[in-house]
Amino acid sequence: MNRDWNSPVMTRQLARRHAAERRFRFFGLAAIVLSLSFLFLLLFIMLKNGLSGLDWSFLTGSDSTDPATAGVWGAVKGSLLMMLVTLALSFPMGVLAAVYLEEFAPRNRWIDLVEVSINNLAAVPSIIFGLLGLAVFINTMQLPRSSPLVGGLTLALMTMPVIVISGRNAIKAVPPSIRDAALAVGASPVQTVFQHVVPLAMPGIMTGTIIGMARALGETAPLLMIGMRAFVATPPDSITAPASVLPMQIFLWSDEINAGFVQNTSAAIIVLLVFLLTMNGLAIYLRNKFEVSW
Amino acid sequence: MISTAFLIAIAALGLIAWFTARAKAKLFVSDGIGTYSRPHYHGWHLALWVVIPALLIWLVWQAISPQFVMAAITSLPIAEQLPASDFERQTLLSEAWRLASDPNAGSFYPLAQELAGPIAAAQSRYAIIGALIALIAAFTGGAYGYSRLRAGFPARTRIERGVMLVLLLASLLAILTTFGIIASLVYETALFFQKVSPVDFLTGTHWSPGTAIGDDIGKNFGAIPLFWGTIYIGVIIAMIVAIPLGLMSAIFLTQYASQRVRRWIKPMLEILAGVPTVVYGYFAALTVAPFIRDLAASLGKTNPSTESALAAGLVMGIMIIPFVSSMADDSIAAVPRSMADGSLAMGATKSETIKRVLIPAALPGIVAGVMLAISRAIGETMIVVMAAGAAANLTLDPLDSMTTVTFQIVQLLTGDQEFDSPKTLSAFALGLILFIVTLVLNIVALRVVKRFREAYE
């Protein structure tokens, strides 16, 4: 080609293209910096407002109308009870469904329908699950309102698809050689799955479960629907007693006119974020520790 | 009390059955005959034959025994004093029922106190009858199972068939949930559309359910302002924030960042996705909304409201950035390396390759990611509840307060309402529309991604 790369025209063009390249790279970096700076701004404001309110009496006290004496223990206990119910219901259902869909299910239209259902349920807005909980658990089955039982049932329905999807991925990752070896030694398909495949897939399943639980811990909208909007003065003593949960407590305190509650709300947010960070950190640690590259 | 005793008895019977059958199977093994399945499978087989019939009968009994108790009570002479009106009768009876299980609960009707005693007695009578029937079933089942026990009996196959049934039932729970959601939403919406016409609902522009009394209530349930608010906040403002930031973040991470930077930055973006929405809502209400309000005042707007669509949309956009970013990341990474290499080999700069080759190639995946992000944004509740308002406004001004579908669902259903009033039913109608829209968005997005992946494999 008879193009002179050193002519002024070409040099200018190249300079323009290189400048465009630098600008583009700058915009990319700016996008990331901007996004992360929003996150840091949020954390900074919460810490600034709430860190001074985090003392032992705050962590062990119950809710009250006076901001100086209000604490989060009632909400934390309610959250723990509800998490227990959610875990007890969604983990077995989710793992068993994942095992069936991945190992035993035949390839026909009904199973396709089940798979589509699960994938869609994982993306349905959480408030719809609240509507379902209101219509079925409270009105039809007459379970006690605002109890960890109903909250746990509703959130279990919401968490199960997440566990199924991550469980399926974990089971899919176990190589076929494991299954073939077990079958070759004389195990039945059920024995192969439950005694060889599932134990090997368990770290992945646990990671997915912990992440699903962390999501359920932060949910507020479905619990608003089942009536957890009330002021609860004492921690719940059973799963059928009226209770509040930590994100709901944050929501209720944010509505208060008294400016003294700003500190409480921010401190409660810090507590919630610490819980979530711990759970996610645990999930990542488990994944890194037990991940086997086949 | 009786229930716990019964359940413990059944558990004990099951345990005995397990040990007995296993011992008998072990005899076969030690005699030299050998068994088709290992002895503990025989144990499980007999235990299940004992426990399952008993539990089934007990569950059915729990469902039908209240009717027996009710029949017994209404045949008593005291029942003559029950009020004739249905509503009062129901309240009195339900209060008596409550008192029967918890004698210390508060009560309004003295008659309820009197009825509580006979109710409790009848309940325990029928509970004992039910427990006895279930125990008989347990023994019958056990006898049948024991008679089948011989060396060649394929116990393990039977057990495994049962296990498969349990797995299938667990999977069907997902369909049951979807079906339950659709059924309850459609049922309540149908009740709503009997009181308010669908046309009024979907095309009306005036939303004030609080003043909906009388015959012409259809005029107060026009949902267009809600749809407009949802689209304006969730689709327009949030996407203006999220798409550029998310897309450029993904491009930078995949194309320009070193491995070390990527390993640190990617989890931090995931943290953005993991922060609970109530925290974002509080951040919006505490910091962003006053800032926007001061900004609006300085721009000359008279009497700016604290709850503005811009505040809610901004924070929602920030929350959505990780969704767009991760979907774009996956799509760009799925484009074959050969396309990028070819473009670079022809002399294009990296940004030109991205703009002209990679992005168009990854476009279906990116669009699917945006659709999923939109679906997430319009379903978002807490941010709008805390930062946007309840005023159903149809304006173009982002500094005005607007309301969304999710906010109204929360507003209409919290507080003590009769379950049949048009207000509460309209919440279900809104929920149905929300469900359908997000479902359609998700199905289309996933189908686009699937077809796109196939094109490159």
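The values are calculated or read from the model by the stated rules, or taken from the named source; none is laboratory data. Given the structure is predicted, the values throughout are model-derived calculations rather than measurements. Virtual Cβ from ideal backbone geometry, glycine too; neighbours counted across all protein chains shown.
Quick look at the values:
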{"quantity": "Among the candidates A:Leu41, A:Leu54, A:Leu87, A:Leu47, residue that is without any contact (Cβ under 8 Å) to a residue 24 or more places away in the chain and surrounded by 12 or more Cβ atoms within 10 Å (Cβ to Cβ)", "calculated": "A:Leu41"}
{"quantity": "Some residue of the stretch A:112-127 being part of a helix (DSSP H, G or I), in contact with a Gly (Cβ under 9 Å, 6 or more places away or on another chain), on the phi < 0 side of the Ramachandran plot and at the interface with chain B (Cβ under 8 Å from one of its Cβ atoms)", "calculated": "yes"}
{"quantity": "Residues being at the interface with chain A (Cβ under 8 Å from one of its Cβ atoms) and crowded, with 20+ Cβ neighbours inside 10 Å - total across the stretch B:140-172", "calculated": "4"}
{"quantity": "Candidates B:Pro360, B:Pro336, B:Pro322, filtered to the one that is touching a residue at least 40 places away in the same chain (Cβ under 8 Å), more than 10 Å from every other protein chain (Cβ to nearest Cβ) and not small (Gly, Ala, Ser)", "calculated": "B:Pro336"}
{"quantity": "Criterion violated by A:Ser64 - all others in (1) in contact (Cβ under 8 Å) with a residue 24 or more places away in the chain; (2) surrounded by fewer than 20 Cβ atoms within 10 Å (Cβ to Cβ); (3) touching a helix residue (DSSP H, G or I) at 6+ places or on another chain (Cβ under 9 Å); (4) more than 9 Å from chain B (Cβ to nearest Cβ) satisfied", "calculated": "(3)"}
{"quantity": "Residue match in the stretch B:256-272 (condition: among the aromatic types (Phe, Trp, Tyr), facing chain A (nearest Cβ under 7 Å) and buried (at least 20 other Cβ atoms within 10 Å of the Cβ))", "calculated": "no"}
{"quantity": "Cross-chain or 6+ apart pairs with Cβ under 6 Å, the stretch B:150-163 first and in a loop (DSSP other than H, G, I, E, B), then of a type outside the set (Lys, Arg) and at pLDDT 85 or above", "calculated": "none"}
{"quantity": "Enumeration of residues in the stretch B:322-338 that are surrounded by 24 or more Cβ atoms within 10 Å (Cβ to Cβ) and not in a helix (DSSP H, G or I)", "calculated": "none"}
{"quantity": "Any chance B:Leu59 is modelled with pLDDT of 75 or more, more than 30 Å from B:Val166 (Cα to Cα), in a helix (DSSP H, G or I) and out of contact with any Phe, Trp or Tyr (no Cβ under 8 Å at 6 or more places or on another chain)", "calculated": "no"}
{"quantity": "Number of positions in the stretch B:186-201 that are free of Cβ contacts under 8 Å to residues at least 60 places away in the same chain and aliphatic (A, V, I, L, M)", "calculated": "2"}
{"quantity": "From B:Glu80, B:Glu88, B:Glu95, residue being touching a helix residue (DSSP H, G or I) at 6+ places or on another chain (Cβ under 7 Å) and of a type in the set (D, E, K, R)", "calculated": "B:Glu95"}
{"quantity": "Residue list for the stretch B:353-369, restricted to those being charged (D, E, K, R) and either over 16 Å from B:Tyr256 (Cβ atoms) or crowded, with 18+ Cβ neighbours inside 10 Å (or both)", "calculated": "B:Arg356"}
{"quantity": "Residue in the stretch A:35-44 that is away from chain B (no Cβ under 14 Å) and aliphatic (A, V, I, L, M) present", "calculated": "no"}
{"quantity": "Matching residues, the stretch A:1-29, being within 30 Å of B:Ile240 (Cα to Cα) and more than 9 Å from chain B (Cβ to nearest Cβ)", "calculated": "A:Arg16, A:Ala19, A:Phe26"}
{"quantity": "Test: residue in the stretch B:227-246 that is surrounded by fewer than 22 Cβ atoms within 10 Å (Cβ to Cβ), at the interface with chain A (Cβ under 8 Å from one of its Cβ atoms) and free of Cβ contacts under 8 Å to residues at least 12 places away in the same chain", "calculated": "yes"}
{"quantity": "Test: residue in the stretch B:173-191 that is crowded, with 18+ Cβ neighbours inside 10 Å and within 30 Å of B:Gly43 (Cβ to Cβ)", "calculated": "yes"}
{"quantity": "Number of the exception - A:Thr192 against (1) in contact with a Lys or Arg (Cβ under 7 Å, 6 or more places away or on another chain); (2) facing another protein chain (nearest Cβ under 9 Å); (3) at pLDDT 90 or above", "calculated": "(2)"}
{"quantity": "Some residue of the stretch A:144-163 being modelled with pLDDT of 90 or more, farther than 21 Å from B:Met382 by Cβ and over 21 Å from the mean Cα position of the chain (by Cα)", "calculated": "no"}
{"quantity": "Sole exception among (1) assigned to a loop (DSSP other than H, G, I, E, B); (2) within 11 Å of chain A (Cβ to nearest Cβ); (3) touching a residue at least 60 places away in the same chain (Cβ under 8 Å) for B:Thr403, by number", "calculated": "(2)"}
{"quantity": "Residue check, B:Leu253 among the hydrophobic types (A, V, I, L, M, F, W, C), touching a Phe, Trp or Tyr at 6+ places or on another chain (Cβ under 6 Å), surrounded by 20 or more Cβ atoms within 10 Å (Cβ to Cβ) and at pLDDT 85 or above", "calculated": "no"}
{"quantity": "Of the criteria (1) assigned to a helix (DSSP H, G or I); (2) among the aliphatic types (A, V, I, L, M); (3) within 14 Å of chain A (Cβ to nearest Cβ), which one B:Ala390 fails", "calculated": "(1)"}
{"quantity": "Flag if B:Leu15 is within 27 Å of B:Ala137 (Cα to Cα) and in contact (Cβ under 8 Å) with a residue 60 or more places away in the chain", "calculated": "no"}
{"quantity": "Condition met for B:Thr438 (part of a loop (DSSP other than H, G, I, E, B), surrounded by 21 or more Cβ atoms within 10 Å (Cβ to Cβ), within 27 Å of the chain's Cα centre (by Cα) and at pLDDT 85 or above)", "calculated": "no"}
{"quantity": "Test for A:Ala221: is it among the small types (Gly, Ala, Ser) and at the interface with chain B (Cβ under 10 Å from one of its Cβ atoms)", "calculated": "yes"}
{"quantity": "Odd one out for A:Val99 among (1) at pLDDT below 90; (2) assigned to a helix (DSSP H, G or I)", "calculated": "(1)"}
{"quantity": "Test for A:Ile32: is it within 10 Å of chain B (Cβ to nearest Cβ), in contact (Cβ under 8 Å) with a residue 40 or more places away in the chain and not charged (D, E, K, R)", "calculated": "no"}
{"quantity": "Top-ranked residue of the stretch A:129-142 - restricted to ones that are free of Cβ contacts under 8 Å to residues at least 12 places away in the same chain and either in contact with a helix residue (DSSP H, G or I) (Cβ under 8 Å, 6 or more places away or on another chain) or surrounded by 20 or more Cβ atoms within 10 Å (Cβ to Cβ) (or both), ranked as nearest to the other protein chains (Cβ to nearest Cβ)", "calculated": "A:Ala135"}
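For every residue, the table says whether it meets (1) more than 11 Å from chain B (Cβ to nearest Cβ); (2) in contact with a Leu (Cβ under 7 Å, 6 or more places away or on another chain); (3) closer than 13 Å to B:Val279 by Cα; (4) not aromatic (Phe, Trp, Tyr).
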residue: A:Thr234; (1), (2), (3), (4): yes, no, no, yes
residue: A:Pro247; (1), (2), (3), (4): no, yes, yes, yes
residue: A:Ile269; (1), (2), (3), (4): no, no, yes, yes
residue: A:Leu272; (1), (2), (3), (4): no, yes, yes, yes
residue: A:Leu277; (1), (2), (3), (4): no, no, no, yes
